[in-house]
Amino acid sequence: MFGRIEEHFKKHGYGLWAVELPGQSPFIGFIGLAEVSFETSFTPCVEIGWRLARSWWGRGLATEGAQAALAYGFQHLGLSEIVSLTVPGNTRSRRVMEKLGMRYAEDFEHPRIEPGHPLRRHVLYRLTRTEWIFNQPS
Ligand SMILES: CC(C)(COP(=O)(O)OP(=O)(O)OC[C@H]1O[C@@H](n2cnc3c(N)ncnc32)[C@H](O)[C@@H]1OP(=O)(O)O)[C@@H](O)C(=O)NCCC(=O)NCCS
C-alpha cells in the first residue's frame, strides 16, 4: 500500500498524506486525496479518503485533517469537485463526510468487487468547490 501511495505522489504530486499528531505520535494514519482508480459513471474524479489507528478515533482528527485536504484540493490543486466513497454501513466515515459538508449522491456497485460480495454496494458523496467555498466560515 505504501508503494501505491508513493507512486500516486510521483505521478500526481499529491496523495494520501501521513498524519502526525505533533508531540503525541509521529504517525497515526493517513488522510488525503487520490484519483479514483477504477472506471464507472462518475469517473474520472478525485476522492478524499482516511484511515486512522483505532486508538485515535472519536476525537475529530479525521475531520480536521480532511478539512485541510479539501482546502489543498480546491485552493492549491484547483479541483472543481471532490468525491468520497465507502460502504453504506460505515457510519463513522459517512459522518465525517457529512461534517465536511459533502452530500450523498447515489449508491453504486463497486466494479473492483465481485457481484454478490457484501461490500460491493457503495455510497458516493460529492462536494463541489462552489459548495465548499459557501460552507467556509466567514
Ligand atoms: C473513519 C475514521 C477515519 C473516522 O475517524 P475519527 O477521527 O474517529 O472521525 P471524527 O472523530 O472526525 O468523526 C467521527 C464521527 O462519527 C461519529 N461516530 C462514531 N461512531 C459512530 C457510530 N457507531 N455511529 C454513528 N456515528 C458514529 C462520531 O460521533 C463523530 O461524529 P460527531 O463529531 O458528530 O460526534 C476512522 O474511524 C477510521 O480510520 N476507520 C477505519 C478506516 C475507514 O473506515 N476508512 C474509510 C474507508 S472508506
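Filter the DSSP H helices in the chain by two things, a Kyte-Doolittle mean of at least -1.0 and an axial alpha-carbon span of 27 angstrom or more, and list the hits by number.
On the way: long enough: none.
Once both thresholds are applied, nothing remains.
Once the piece of chain linking His76 and Ser138 is laid out straight, how much longer is it, given 0.36 nm per residue of separation minus the C-alpha distance between them? Spell out each step's value before the answer.
Values: separation 62, 0.36 × 62 = 22.32 nm, distance 1.95 nm.
Length gained, His76 through Ser138: 20.4 nm.
May I ask you to sort Tyr72, Tyr125, Tyr104, Tyr14 by Cβ crowding, counting other Cβ atoms within 10 Å and putting the fewest first?
Working: Tyr72 15, Tyr125 23, Tyr104 12, Tyr14 19.
Fewest to most other Cβ atoms nearby, the residues stand as Tyr104, Tyr72, Tyr14, Tyr125.
What is the distance in Å between the Cα centroid of the range 41-71 and that of the range 101-138?
12
Collect residues whose amide H, placed 1.01 Å from N in the peptide plane, falls under 5 Å from the amide H of Ala105; neighbours closer than 5 in sequence don't count.
So Ala105 has HN proximity to Leu124, Tyr125, Arg126.
Residue by residue, what Karplus-based ³J(HN,Hα) values in Hz, rounded to whole numbers, does the range 110-118 have, using 6.51, -1.76 and 1.60 with θ = phi - 60° and x for Gly and Pro?
5, x, 8, 10, 5, x, x, 5, x
In nanometres, what is the gap between the two model label sites at Glu39 and Gln24, each 7 Å from Cα along Cα-to-Cβ?
The modelled label-to-label distance comes out at 4.4 nm.
Under 1.5 on a/c is rounded, so check that first for the range 35-138, then, if it is not, pick prolate when a/b is larger than b/c and oblate when it is not; a ≥ b ≥ c are the square roots of the alpha carbon gyration tensor eigenvalues. Present the calculation step by step, with values, prior to reporting the outcome.
Details: a/c = 1.98, a/b = 1.27, b/c = 1.56.
Oblate is the answer for the range 35-138, as a/c is 1.5 or above yet b/c matches or exceeds a/b.
Of the peptides 16-23, 38-45, 95-102, how do they stack up when ordered by the mean number of other Cβ atoms within 10 Å, highest first? Write down the numbers at each step before the final one.
Working: 16-23: 14.5, 38-45: 11.6, 95-102: 18.4.
Going by the mean number of other Cβ atoms within 10 Å, highest first, we get 95-102, 16-23, 38-45.
Using a 7 Å offset from Cα along Cα-Cβ at Arg59, what residues in the range 1-36 end up with backbone N under 16 Å from the label point?
19-31
Any read-out appearing in this document is the output of simple, stated calculations on the displayed coordinates, not a laboratory observation. For clarity, every value in this text was computed on a predicted model and none was experimentally measured. As a convention, Cβ positions derive from the backbone with ideal geometry for all residues, glycine included, and neighbour counts pool all protein chains shown.
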